[in-house]
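Engineer: Have a look at the structure that comes next, please.
Each value in this text was obtained by applying a stated rule to the coordinates, not by laboratory testing. On a predicted model such as this, the values are computed, not experimentally measured, just so you know. Positions of Cβ are generated from backbone atoms using ideal geometry, with glycine treated the same way; all protein chains shown enter the neighbour counts.
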Amino acid sequence: MEEQKLIDTARAYRERAYDKYSHFKVGAAVLTKSGRIYGGCNIENSSYPVTNCAERTAIFKAVSEGEREFEAIAIIADTDRPCSPCGACRQVMAEFHIPTVIMANLKGDVKTVSLGELLPYAFSEDDL
Ligand code: THU
């Protein structure tokens, strides 16, 4: 099942997290309409705000390979509830119209929602 495959990929990429400062590992995996999966992890920086979240790493990897159309993204961390993406990542998901967000944790809890639920009234190109 694609959902489980995405979660498994996100979990594997979480191991690559460069979490030198927060010691909080996050993994993500994005599924393209063409069926490819790109994984990513959080990449921190001594200048803390420069840190790149796992979701944006995965999305930017895909976009830089020429992908523009997406089906879903999964995110996973060692959290009590399924890991929820930050606001900046939600905005990037909105930019690329990623319709489905699969939130997961290491215990196996999963919650799948639409991006519209996570970021209603998103700012978009239509506002420019
Ligand atoms: N982090 C993510 O990778 N994704 C999110 O949506 C939330 C936060 C990372 C950023 C930082 O490396 C660490 O988690 C703690 O905030």
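Engineer: What's the number of the condition ALA28 fails, among (1) within 9 Å of the ligand (Cβ to nearest atom); (2) of a type in the set (Gly, Ala, Ser); (3) in a loop (DSSP other than H, G, I, E, B)?
Structural biologist: (3) is the only condition that ALA28 fails.
Engineer: Out of region 22-57, which residues are of a type in the set (A, V, I, L, M) and in contact (Cβ under 8 Å) with a residue 12 or more places away in the chain? Please lay out each step first, then the result.
Structural biologist: Our first condition is that a residue be of a type in the set (A, V, I, L, M); within region 22-57, this holds for 26, 28-31, 37, 43, 50, 54.
Within region 22-57, VAL26, ALA28, ALA29, VAL30, LEU31, ILE37, ILE43, ALA54 meet the criteria.
Engineer: Taking PHE60 as the residue in question, decide whether it is more than 9 Å from the chain's Cα centre (by Cα), touching a residue at least 40 places away in the same chain (Cβ under 8 Å) and either within 13 Å of the ligand (Cβ to nearest atom) or in a helix (DSSP H, G or I) (or both). Quick ask: steps written out before the conclusion?
Structural biologist: Details: more than 9 Å from the chain's Cα centre (by Cα): yes; touching a residue at least 40 places away in the same chain (Cβ under 8 Å): no; either within 13 Å of the ligand (Cβ to nearest atom) or in a helix (DSSP H, G or I) (or both): yes.
Here the answer is no, as PHE60 does not meet what is asked.
Engineer: For region 100-128: of the residues being in a helix (DSSP H, G or I) and away from the ligand (no atom under 16 Å from the Cβ), which is farthest from LYS5 (Cα to Cα)?
Structural biologist: Here is the first cut: in region 100-128, the residues in a helix (DSSP H, G or I) are 115-118, 125-127.
Next, from what is left, pick out any that are away from the ligand (no atom under 16 Å from the Cβ): 116, 125-127.
Working: GLY116: 23, GLU125: 32, ASP126: 34, ASP127: 35 Å.
The qualifying residue farthest from LYS5 (Cα to Cα) is ASP127.
For every residue, the table says whether it meets (1) within 8 Å of the ligand (Cβ to nearest atom); (2) over 22 Å from ALA122 (Cβ atoms); (3) of a type in the set (D, E, K, R).
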{"residue": "ALA17", "(1), (2), (3)": "yes, yes, no"}
{"residue": "CYS41", "(1), (2), (3)": "yes, yes, no"}
{"residue": "SER46", "(1), (2), (3)": "no, yes, no"}
{"residue": "ASN52", "(1), (2), (3)": "yes, no, no"}
{"residue": "PHE70", "(1), (2), (3)": "no, no, no"}
{"residue": "ALA77", "(1), (2), (3)": "yes, yes, no"}
{"residue": "PRO85", "(1), (2), (3)": "yes, no, no"}
{"residue": "ILE98", "(1), (2), (3)": "no, no, no"}
